[in-house]
Amino acid sequence: MANKKITSRDIDFAKWYTDVVAASHLASYSNVKGCIIMEPYGYQIWENIQNIMNSMLKKSGHQNISMPMLIPENLMKKEGELINGFAPEVAWVTHGGQEKLEERLCVRPTSETLFSDYYSGIVKSYRDLPVKYNQWCTVIRWEKETRPFLRGREFWWQEGHTIHETKEEAENEARFIMDEVYKKMFYDYFAIPAITGYKTDKEKFAGADYTLTIEALMYNGVSLQSGTSHYFGQRFSKAYDIKFLNRENKWEYVYQTSWGASSRMIGAIIMVHSDDDGLVLPPKIAPIQVAIIPIGDKEEVLSLANQYKDVLEKNNISVMVDTSEKSPGFKFAEAEVKGIPVRIEIGSRDLENNQVTLVRRDTKEKISIAKDSDISSCVTNLMNDIQENLLERATKRRDEMTYEARTLDEVKKIMDTRPGFIKADWCGDPECEAKMKEIKGLKSRCILKDEKPLTGKCVVCGKDAHDLVVWGIQY
């Protein structure tokens, strides 16, 4: 049975995670160290994410574009903070065929430099603004420790790059992406109650004035940075000479943003919702929403299975009918390990009783309905219940693992018991941030600008605190 391949998440979470990825055929390891093969089922989830996000972005006036993957070294060096920030992770191309290149080419770790160089040539007037582009691609970052969907030397992502006429417009863009795209994706589609806020200066993106982040808490209490949105001000536009004639007919530098979310979103879905039997997928993101399992090969059983399939597909519900020669038990386990939200079991005995059985993946509950029920309504209502239950369940667990600490001793006690999100006041001093890291690698996850400090005193040094910070250990 498929679930026997999976270690218990409460015994060895890291092995459980890789077991789930392998058993559900989301990804497999390649012969290129640190790089995975995203298998068809995993890629279908990624395609669903792309389709949903593309719809959101196109409605808000963003367009997709494609940039080269190679960046000349001189272009990377124009904004010094960026190249310094990425230096340890950059892969370089030094030869073309047998000949050494006159100038090294960077394999893109991110594309701010390419977009900035491009924008400097296409913008002349305020009438050309804003320009709002997005790119779907892979990037290379030479990570030392890798794990499927969480950290890899090559990973899939989208990266948005926009330029604007005013500071206010650019800052609104950075907030819009965080609140109306990333946060909506996590709550409405992934059923994950992520938190948003500002990165500290130490943790912000290299070259950004500030960085907004969305952070999700995994089942084991470890935090996952799941998307970021950066406001650059005019830092890159000055470095790359992106100027426009403003409304007073004077030259001015554009205001700029960039933002990105990667295939680690799939890792978040796995680690928040799944169990020891495999994946648990929210219906809104599942490639297959319903698995119909005919038990036996009687004509009336197969006929009803295909009838259900036709009705459901007409109502935009993705369905598979498993008519393979595997045993019913194996088919059930296979549907479970793949995280298919709803399973419909149809057997001769069911039909004798004028009923079929629906099984929900999140709770394993079995529900009998009359075979002539409105199957589309039944399944739609059940999927809505599953989607809501997954969000409620994840929210309850996040809240149970979110703590408040007023002293370092309280921080240590929490970390000795069970990790999670720790809310604690901070004075803004990087040295205090570094001292928190000495406690089992705690890092600032985000500054909560909309919440007041707990005591007004820094949890580390006791000096006046201006910010309430969420701390946690991270992937």
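The values are calculated or read from the model by the stated rules, or taken from the named source; none is laboratory data. None of the values given here were measured: they were computed from a predicted structure. Reconstructed Cβ throughout: ideal geometry from the backbone, glycine too, with neighbour counts over all protein chains shown.
Quick rundown of the values:
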{"read-out": "Residues of region 428-445 classified as crowded, with 21+ Cβ neighbours inside 10 Å, closer than 21 Å to P193 by Cα and among the charged types (D, E, K, R), total", "value": "1"}
{"read-out": "Of residues in region 237-277 being assigned to a strand (DSSP E or B) and of a type in the set (D, E), the one nearest to T110 (Cα to Cα)", "value": "E252"}
{"read-out": "Tally, over region 208-222, of residues that are of a type in the set (G, A, S) and either outside the structural domain of A170 (by TED's automatic domain parsing) or crowded, with 23+ Cβ neighbours inside 10 Å (or both)", "value": "2"}
{"read-out": "Test: residue in region 151-159 that is within 30 Å of L281 (Cβ to Cβ), in contact with a Gly (Cβ under 6 Å, 6 or more places away or on another chain) and either surrounded by fewer than 17 Cβ atoms within 10 Å (Cβ to Cβ) or among the acidic types (D, E) (or both)", "value": "yes"}
{"read-out": "Test: residue in region 375-393 that is surrounded by fewer than 16 Cβ atoms within 10 Å (Cβ to Cβ), over 30 Å from G347 (Cα atoms) and of a type outside the set (D, E, K, R)", "value": "no"}
{"read-out": "Residue among K298, K250 that alone is surrounded by fewer than 16 Cβ atoms within 10 Å (Cβ to Cβ), outside the structural domain of T146 (by TED's automatic domain parsing) and farther than 27 Å from Q50 by Cα", "value": "K298"}
{"read-out": "Which numbered condition E47 fails, given (1) surrounded by 15 or more Cβ atoms within 10 Å (Cβ to Cβ); (2) closer than 30 Å to I6 by Cα; (3) of a type in the set (D, E, K, R)", "value": "(1)"}
{"read-out": "Matching residues, region 116-134, being without any contact (Cβ under 8 Å) to a residue 40 or more places away in the chain and part of a strand (DSSP E or B)", "value": "V131"}
{"read-out": "Residues of region 444-464 satisfying the condition of being under 19 Å from K204 (Cβ atoms) and touching an Asp or Glu at 6+ places or on another chain (Cβ under 9 Å)", "value": "S444, R445, C446, I447, L448, K449"}
{"read-out": "Selection count, region 411-427, where residues are without any contact (Cβ under 8 Å) to a residue 40 or more places away in the chain and surrounded by fewer than 17 Cβ atoms within 10 Å (Cβ to Cβ)", "value": "4"}
{"read-out": "Given (1) within 25 Å of the chain's Cα centre (by Cα); (2) free of Cβ contacts under 8 Å to residues at least 40 places away in the same chain, number of the condition D322 does not satisfy", "value": "(1)"}
{"read-out": "Residue, nearest to the chain's Cα centre (by Cα), within region 1-21, restricted to residues that are surrounded by 13 or more Cβ atoms within 10 Å (Cβ to Cβ) and assigned to a loop (DSSP other than H, G, I, E, B)", "value": "R9"}
{"read-out": "Scope region 332-391; condition hydrophobic (A, V, I, L, M, F, W, C), farther than 16 Å from D275 by Cβ and without any contact (Cβ under 8 Å) to a residue 40 or more places away in the chain; matching residues", "value": "L358, I367, I369, A370, C378"}
